[in-house]
1. Restricting the search to the range 114-147, which residues are in a loop (DSSP other than H, G, I, E, B) and within 8 Å of the ligand (Cβ to nearest atom)?
2. Give the residues of the range 161-184 that are in a helix (DSSP H, G or I), surrounded by fewer than 19 Cβ atoms within 10 Å (Cβ to Cβ) and more than 7 Å from the ligand (Cβ to nearest atom), sorted by residue number.
3. Out of ASP143, ASP166, ASP130, which single residue is assigned by TED's automatic domain parsing to the domain that holds PRO100 and either of a type in the set (Gly, Ala, Ser) or under 20 Å from VAL102 (Cβ atoms) (or both)?
4. Of these, ALA192, ALA199, ALA158, which one is more than 9 Å from the ligand (Cβ to nearest atom), under 19 Å from ILE109 (Cα atoms) and modelled with pLDDT under 85?
5. Filter the range 146-158 for residues that are in contact (Cβ under 8 Å) with a residue 12 or more places away in the chain and in contact with a helix residue (DSSP H, G or I) (Cβ under 6 Å, 6 or more places away or on another chain) and give the result.
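The values are calculated or read from the model by the stated rules, or taken from the named source; none is laboratory data. Note that this is a predicted model, so its numbers are computed, not measured. For neighbour counting, all protein chains shown are included, and Cβ atoms are generated from backbone atoms with ideal geometry for every residue, glycine included.
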Amino acid sequence: MFYKVAADPLFAPPGLKLVKEIMSDAHNEHESAIKTPKQLVAAVIGFFAVTIIGIILLVQFVTSTKLTGAGSNSQAPEEVASRIAPVADTGYTLKDANAPKVLQTGEAIYTSTCAACHGAGVAGAPKFGDAGAWGARIAQGYDTVVQHALGGLRAMPAKGGNPDLDDVEVARAVVYMANSSGGKFKEPAVPAAPTAPAAEPQK
Ligand code: HEC
């Protein structure tokens, strides 16, 4: 006679559990998040996608042309030259502190120093080109006006606030401003330089 074996799960009577099943029941709380074949396929594909993207990015990084350091040509003379070009440019000249001072034109001084106030008439400064505001000041005469520019006058700072300016430069700026505002001052003469060589000829 042939009896069905109870160990065969297909033929196990209901209510009877195999030892194996009982053990897996006990571990239910450690179940994987992946429960269906679909989820498994998605997880595998996702893992490969992340890995492949990572490899692609790494390859791009390694083969990029902006490599520095060992293995690159970053120390090649041409590379160095191209990096220092902004300051090594032929148009860039270091200022020699001992060189005779080249006096700037009145217009240059006006633009760099005086225009801050005189351009828009800040703090009651006579505005550039405003003949009405300059008329009475010009009438004081060249010497007085220049003296005020050099030494200051109320809200007007001495030398326009830039003590590095040469007296002649300030005087030129005064003449430039006054003559652009109805005045007829003469360009100040450059005093003979005490030490040769003199400043470059001015235009
Ligand atoms: C911080 C603002 C300021 C700057 C910068 C400045 N000025 Fe003035 N300046 C004034 C003011 C304000 C007055 C009017 C002063 C007053 O009469 O009370 C004035 C007046 C003057 C006058 C007329 C003086 C007079 O006798 O009436 C001259 C000339 C002058 N400035 C020249 C210059 C020159 C040249 C520079 C640049 C080197 C310069 N200023 C830069 C504010 C400025």
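1. ALA125, PRO126, GLN140
2. Matches in the range 161-184: ASP167, ASN179.
3. ASP166
4. Of the residues listed, the single one that is more than 9 Å from the ligand (Cβ to nearest atom), under 19 Å from ILE109 (Cα atoms) and modelled with pLDDT under 85 is ALA199.
5. Passing the criteria: VAL146, ALA149, LEU150, ALA155.
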